[in-house]
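Some notes on the structure that comes next.
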Amino acid sequence: MDETTMNKNNHYEQTTHDISVLVIPEYLEDQSDPDEGRYVWAYHVRIENKGEGTAQLLTRHWRITDANGTVQEVRGPGVIGEQPVLGPGDSFEYTSGTPLVTPSGFMEGSYQMTTPDGTHFDIAVPAFSLDSPHAPTRIH
């Protein structure tokens, strides 16, 4: 089952193959410089194994899209230099960040996981919005 939710506190969560990924983005005013076209966000991630088997995070893939529609793709091993192993009920948390040249954008991605028997599968990272106080407000 695959489900995505977002609550009013700017938390984004998606569960794939019994692995839940929760993301909380945060605009970093002190690291941003709107006059120079630099807008910076941190994103806090919690990965939780809600299943009955063990899984290890091998790689990450991010698609970062700014307000101009420019897409940057990032791929690499693990997250923040780690490839955590998650047993049933285990979780792993980390914080990373990204700069944009526009005051808003969004990110989405996936993690490739493996089981002890060598089965590989992808889990989705929910799309999440990167909105600064400098972004124009739009009502659709």
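The values are calculated or read from the model by the stated rules, or taken from the named source; none is laboratory data. As the structure is a prediction and not an experimental result, all values here were calculated from the model. Cβ atoms come from the backbone with ideal geometry, glycine included; neighbour counts cover every protein chain shown.
Annotations
- Any hit, region 1-18, residues being at pLDDT 95 or above and of a type in the set (A, V, I, L, M): no
- Restricting the search to strands (runs of 3 or more DSSP E) fully inside region 1-96 and requiring at least 3 residues that are touching a residue at least 24 places away in the same chain (Cβ under 8 Å) and either at positive phi or under 13 Å from the mean Cα position of the chain (by Cα) (or both) gives 12-16, 19-27, 39-49, 55-66.
- For region 21-44, the set of residues classified as closer than 15 Å to residue 127 by Cα and buried (at least 18 other Cβ atoms within 10 Å of the Cβ) consists of 21, 22, 23, 25, 41, 43, listed by residue number.
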